[in-house]
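The structure under discussion appears below in the form of structure tokens.
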Number of protein chains: 2
Amino acid sequence: MSKSIKLAILGLGTVGTGVVNLINDNLDELKRRSGRDIVITEVGTRRQRDDIDPNIIQNSDLMAAAASDNVDIVIELIGGTTLAKDVIMHAIKNGKHVVTANKALLAEHGNEIFAFAEAHNVHVAYEAAVAGGIPIIKVMREALAANRIEWLAGIINGTGNFIMTEMRDKGRPFADVLTEAQELGYAEADPTFDVEGIDAAHKLALLASIAFGIPLQFDKVYCEGITGITLQDVNYAEELGYRIKHLGFAVRRESDGSGDAGIELRVHPTLIPQNALLANVNGVKNAVLVNSHPLGQTLYCGDGAGAGATASAVMADVMDLVRVLGSIDSNNESTNGHHVPHLAFIPEQLSDTPILRAEQMITGYYLRVHAHDNPGVLADITRILSDAGINIDAILQKPAHKLGQVPVIILTLPVVESQMNIAIEKIEKLDTTTDKVVRIRLDELA
Amino acid sequence: MSKSIKLAILGLGTVGTGVVNLINDNLDELKRRSGRDIVITEVGTRRQRDDIDPNIIQNSDLMAAAASDNVDIVIELIGGTTLAKDVIMHAIKNGKHVVTANKALLAEHGNEIFAFAEAHNVHVAYEAAVAGGIPIIKVMREALAANRIEWLAGIINGTGNFIMTEMRDKGRPFADVLTEAQELGYAEADPTFDVEGIDAAHKLALLASIAFGIPLQFDKVYCEGITGITLQDVNYAEELGYRIKHLGFAVRRESDGSGDAGIELRVHPTLIPQNALLANVNGVKNAVLVNSHPLGQTLYCGDGAGAGATASAVMADVMDLVRVLGSIDSNNESTNGHHVPHLAFIPEQLSDTPILRAEQMITGYYLRVHAHDNPGVLADITRILSDAGINIDAILQKPAHKLGQVPVIILTLPVVESQMNIAIEKIEKLDTTTDKVVRIRLDELA
């Protein structure tokens with residue numbers, strides 16, 4: 001067997017420990033597939049651990065570990081965007097390949113990190129950064145490399161999906177399920193990143209770049225969380241044949257008269273058809289649906305978090321560095337330019353296609369209007385929508401639930417958001433309506 | 001841009017034309033992702049075509065095209081196991097990389113072809129051979145490279161899935177739907193390969209090899225078709241919360257007291273839980289569910305056939321040869337041994353784990369017994385099952401549908417087939433039962 005591959009694992013939390021366990025459990029599989037021995041030579045950890053093989057150096061100086069002569073690949077599992085960034089840049093400068101699961105860091109600083117890696121002829125692999133164990137980065141960068149990707153829609157935050165699933169299955173309100181998710185360890189004490197969609201937006205920024213060949217633009221992702229979703233809307237959606245999921249969308253829009261050309265990057269609750277596979281991905285599972293030409297729709301589903309799933313993705317990257325990218329041992333000069341680019345497209349081919357503003361985005365809508373129980377109100381509302389060029393797909397008028405007030409549910413065909421804003425403003429001003437109009441986006445995934 | 005990549009496309013049927021169209025449609029995407037120009041220099045076709053770019057050489061001598069100096073990669077889309085094999089071996093001998101969609105050829109002659117390719121330092125890529133556009137070969141060879149694969153279950157024949165879907169959705173009998181599938185072009189005039197499971201068995205042989213690191217052993221795949229599935233059983237299955245799908249299974253069995261160690265390779269109709277995602281993959285779609293350690297279950301779903309989906313997989317292989325395997329231009333000596341092995345594991349690490357015989361296989365069962373409407377009969381049947389060590393999971397006794405005869409449906413927990421054979425023989429010999437016992441395998445996919 002040839003020279004062994006030497007790993008530094010920086011950070012020994014849940015995921016780091018998962019990587020150590022994977023290597024212990026599956027060393028035989030790793031060797032049989034790579035023809036190489038895989039050895040952890042250093043771990044970066046603040047406090048000395050006595051459950052670690054004594055042959056492994058425990059280094060509390062992460063910068064030193066990242067530059068160690070005794071290391072081929074640096075696995076960054078510290079998290080955060082400060083020390084983690086310093087460590088990765090230091091590893092790159094010292095000619096180490098890097099594997100990271102750090103979505104926030106890459107979404108916010110990936111352009112800089114990848115350019116630095118390219119300049120130093122090393123690779124920064126990040127399969128674990130999006131959708132955990134689902135190999136969506138590899139699939140989009142390599143397996144779909146001959147396709148023109150039109151759009152993708154993903155359940156890319158397990159916590160959010162758990163909450164939406166429980167609300168629907170058990171009829172429990174949002175706050176209640178969130179508390180349980182925190183108790184189960186699915187949600188952080190501060191759940192903002194998950195329930196406001198920021199975590200999903202980080203991942204969406206990465207997916208969109210490799211889908212369309214554009215620089216990372218996390219700051220341009222439109223982001224709506226799930227904190228405003230009520231059981232009432234969950235149930236009306238079901239009644240109409242839809243299910244509400246918290247999805248990230250990246251959509252390529254051509255200028256075809258109905259809207260502006262560019263790319264939509266958006267994270268928001270969405271009604272999707274009940275019988276779509278994506279609507280049946282439940283609990284903490286993640287899934288990404290990709291629509292590309294000429295392949296059509298493909299779906300990838302699995303665990304989006306957890307020690308085992310994340311370790312699987314981290315070590316797939318290590319195996320790629322060993323086997324696929326041929327980066328270890330080989331003269332980097334010869335493969336440079338003929339490997340898989342960090343963002344799927346070669347750097348000089350990244351495009352400056354604009355990211356659309358929210359008002360330019362095109363989606364269907366679920367509207368819940370509260371109206372006085374008055375024979376003319378439906379006519380008023382439908383006339384406003386019709387005047388704004390908005391086509392109605394379905395209407396559901398429920399019996400009055402407050403004295404003299406009826407909820408009217410309207411599903412619309414896709415419309416530019418600016419048009420919908422105008423229509424909603426008019427509806428809210430009607431004498432016959434009360435309260436704000438509740439709106440949730442809708443996509444047929446067709 | 002560096003040197004262009006020159007392709008020969010041998011066979012211009014549906015898939016070959018799909019590949020030509022893909023390159024025309026997506027050339028910009030291919031260039032942006034690879035940094036290379038991709039050019040079709042030759043096509044192999046029996047008759048001259050006037051819809052082909054005049055710069056492309058049309059060669060009716062496929063052997064000559066496969067060895068042309070003007071070609072880097074030979075794409076074999078002829079089909080069959082005779083001329084296609086000669087052409088591939090000739091291309092390999094002449095130092096060409098090969099891309100093929102030919103599952104029958106690889107399942108039956110892959111061991112020889114891959115060894116020949118390794119000896120000649122070229123790669124034979126075959127993503128399109130299994131599950132069409134779903135990148136299951138790449139996923140299992142690369143993305144799951146750090147996992148120990150425990151089992152996989154796949155809907156890997158679109159025709160069979162279309163038939164099972166229509167039978168259930170529309171309540172139409174098998175023969176009826178088969179005729180429609182033939183009219184729609186989903187099934188061949190001779191549908192044997194599809195409905196008897198032979199096509200699925202070819203694909204399963206390939207999947208099992210890359211899952212477990214074993215040589216291709218198509219001849220050892222146990223194979224049951226769907227011709228015997230009746231609407232009656234489809235409906236009873238639904239009533240019990242299950243759905244019948246035609247699945248290929250590859251399962252690793254350890255010797256744990258309940259059965260023999262080895263690998264189960266089997267294709268058969270199977271009851272799976274209605275709410276499993278796999279049960280909701282409908283029509284001609286394909287899907288593969290992989291259970292691996294430590295990742296857990298992941299599902300991959302999409303179009304398993306058709307020009308666009310197959311062309312997508314063929315060209316993903318071309319992109320891999322260009323980008324990932326670094327095989328073009330680079331000195332092959334330097335990457336040899338550090339690329340992705342044909343069967344996922346390096347050749348000298350393939351294992352001789354035995355393939356189990358049908359009687360050694362362990363599955364749950366759906367049994368339909370026809371019995372006289374007699375108070376003792378259920379006691380007789382359950383006693384026989386209990387004596388054979390078979391645990392009953394559910395029983396459904398339907399009202400008599402023929403004079404004095406009742407169908408009794410029994411679901412069992414997993415049991416070694418040899419035990420089930422003995423029990424069924426005894427049940428059929430009872431004075432209180434009539435007809436043969438209908439048995440369909442059952443899997444909880446847990």
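All of the numbers you see were taken from the coordinates with simple rules; none came from a lab. Since the model is a prediction, treat every value here as computed from it, not as a measurement. All Cβ positions, glycine included, derive from the backbone under ideal geometry; neighbour counts span all protein chains shown.
So what is the relative contact order of chain B, in percent, for Cα pairs below 8 Å that sit 6 or more residues apart? Please list the in-between numbers first.
Values: 914 pairs, mean separation 69.7, N = 446.
Averaging sequence separation for qualifying contacts and normalising by length gives 16 percent for chain B.
Can you compute the FRET efficiency between residue B:219 and residue A:372 using 1/(1 + (r/R0)^6), with r the Cβ-Cβ distance and R0 = 56 Å? Round to the nearest 0.05. Could you put the intermediate results ahead of the total?
On the way: r = 75 Å, r/R0 = 1.34.
Step by step, r from the Cβ atoms, then E = 0.15.
If exposed means no more than 11 neighbouring beta carbons inside 10 Å and the site is in a DSSP loop, what's the longest run of chain A without any exposed trypsin sites (Lys or Arg not before Pro)?
On the way: sites that count: A:46, A:47.
It runs A:48-446.
Let's see if you can work this out: charge +1 on each Lys and Arg Cβ, -1 on each Asp and Glu Cβ, no other charges. What is the dipole magnitude of the range A:137-303 about its Cα centre, in debye to the nearest 20?
Working: 14 positive and 22 negative charges, 125 e Å.
Around 600 debye, computed over the range A:137-303.
I'd like the Kirkwood hydrodynamic radius of chain B, using the inverse of the mean 1/r over distinct C-alpha pairs, in Å.
Details: mean 1/r = 0.0426 Å⁻¹.
Its Kirkwood hydrodynamic radius stands at 23.5 Å.
Dipole size in debye (nearest 20) for chain B around its Cα centre, Lys and Arg Cβ +1, Asp and Glu Cβ -1?
On the way: 38 positive and 57 negative charges, 88 e Å.
In total the dipole reaches around 420 debye.
Show me, for the range A:431-436, the HN-Hα J-couplings you get by feeding each phi into the Karplus relation (A = 6.51, B = -1.76, C = 1.60, θ = phi - 60°), rounded to Hz, glycine and proline as x.
With the stated coefficients, the range A:431-436 comes to 5, 7, 10, 10, 6, 6 Hz.
Work out the FRET efficiency for residue B:397 and residue A:274 from their Cβ-Cβ distance, taking R0 = 25 Å, and round it to the nearest 0.05. Mind dumping the intermediate values first?
On the way: r = 33 Å, r/R0 = 1.32.
Given R0 = 25 Å and the Cβ-Cβ separation, E is 0.15.
Given a cut-off of under 8 Å on Cα pairs at least six residues apart, what relative contact order in percent is computed for the range A:361-442? Walk me through the numbers on the way to the answer.
On the way: 152 pairs, mean separation 39.8, N = 82.
Averaging sequence separation for qualifying contacts and normalising by length gives 49 percent for the range A:361-442.
Say we join alpha carbon atoms closer than 10 Å with springs in a Gaussian network model of chain A; which of A:158, A:302, A:185 then has the biggest fluctuation?
Result: A:185 has the largest fluctuation of those listed.
Would you be so kind as to identify which of B:251, B:147, A:382 lies farthest towards the positive end of the dipole of the protein assembly as shown, taking Lys and Arg as +1 and Asp and Glu as -1 on Cβ and the Cα centre as origin?
Among B:251, B:147, A:382, the one farthest towards the positive end of the dipole of the protein assembly as shown is A:382.
What's the average, rounded to a whole number, of partner chain beta-carbon atoms within 10 Å of each residue's beta-carbon in B:18-29?
On the way: counts 1, 2, 0, 1, 6, 1, 0, 5, 7, 0, 3, 13.
That works out to 3 on average.
Take every residue in peptide B:309-316, count the Cβ atoms of other chains within 10 Å of its Cβ, and give the average of those counts. Intermediate results must be reported in sequence, preceding the final value.
Numbers: counts 4, 2, 4, 11, 4, 1, 6, 8.
Partner Cβ neighbours, averaged per residue: 5.
Please enumerate, by chain and number, the lysines with C-alpha under 29 Å from the C-alpha of residue B:436, excluding those fewer than 8 residues away in the same chain.
Within the straight-line cut-off, residue B:436 pairs with B:170, B:220, B:245, B:398, B:402, B:426.
Between residue A:363 and residues 5 or more places away or on another chain, which pairs have amide H atoms under 5 Å apart, with H built 1.01 Å from N, and which residues are they?
For residue A:363, the qualifying residues are A:415, A:417.
Per residue of B:388-396, what is the mean number of Cβ atoms on other protein chains within 10 angstrom of that residue's Cβ? Write down the numbers at each step before the final one.
Working: counts 0, 0, 0, 0, 0, 0, 0, 0, 0.
Whole-number average of other-chain Cβ neighbours for B:388-396 is 0.
Give the Rg (one decimal place) followed by the Dmax (whole number) of the range A:137-303, computed from C-alpha coordinates and expressed in Å.
My reading of the Cα-based Rg and Dmax gives 16.0, 50 Å.
Mind putting a number on the dipole of the range A:361-442 about its Cα centre? Charges go on the C-beta only, +1 for Lys and Arg and -1 for Asp and Glu, and I need it in Debye to the nearest 20.
Values: 9 positive and 9 negative charges, 42 e Å.
So the magnitude is around 200 debye.
Cross-link candidates for residue A:85: which lysines have Cα within less than 19 Å, leaving aside residues fewer than 8 places away along the same chain?
A:93, A:96, A:103, A:203
Using Cα pairs under 8 angstrom and six or more residues apart, how large is the relative contact order of the range B:137-303, in percent? Could you put the intermediate results ahead of the total?
Details: 306 pairs, mean separation 53.9, N = 167.
Value for the range B:137-303: 32 percent.
Plugging the Kirkwood radius over Cα pairs into Stokes-Einstein for the range A:356-446, at a temperature of 4 °C and a viscosity of 1.567 mPa s, what D comes out in µm²/s?
Rounded, D is 97 µm²/s.
For the protein assembly as shown, taking Cα atoms only, what is the radius of gyration to one decimal and the Dmax to the nearest whole Å?
For the protein assembly as shown, the Cα radius of gyration and maximum Cα-Cα distance read 28.6, 84 Å.
How high is the FRET efficiency between residue B:180 and residue B:445 when r is their beta carbon distance and R₀ equals 30 Å, given to the nearest 0.05?
Working: r = 29 Å, r/R0 = 0.96.
So, using R0 = 30 Å, E works out to roughly 0.55.
After finding the eigenvalues of the alpha carbon gyration tensor for the range B:89-188, what semi-axes result from the square roots of 5 times each, listed largest first in whole Å?
Values: eigenvalues 239, 68, 19 Å².
So the three semi-axes of the range B:89-188 are 35, 19, 10 Å.
Apply the Karplus parameterisation 6.51 cos²θ - 1.76 cosθ + 1.60, with θ equal to phi minus 60°, to every residue of the range A:258-271 and state each ³J(HN,Hα) to the nearest whole Hz, in sequence, with x for glycine and proline.
8, x, 8, 6, x, 10, 8, 10, 8, 10, 6, x, 9, 7
Between residue B:387 and residue A:83, what is the spin-label point distance in nm, taking each point 7 Å from the Cα along the Cα→C-beta axis?
The answer from the label model is 6.9 nm.
At what distance in nm do the modelled label points of residue A:120 and residue A:37 sit from each other, each positioned 7 Å from its Cα along Cα→Cβ?
2.7
Residue by residue, what Karplus-based ³J(HN,Hα) values in Hz, rounded to whole numbers, does the range B:39-52 have, using 6.51, -1.76 and 1.60 with θ = phi - 60° and x for Gly and Pro?
Whole-Hz 3J(HN,Hα) from phi for the range B:39-52: 10, 7, 9, 9, 10, x, 8, 5, 10, 4, 10, 9, 9, 10.
Tell me the label-point distance for the pair residue A:70, residue B:405, using the 7 Å Cα-to-Cβ offset, in nm and rounded to one decimal.
It works out to 7.7 nm between the two label points.
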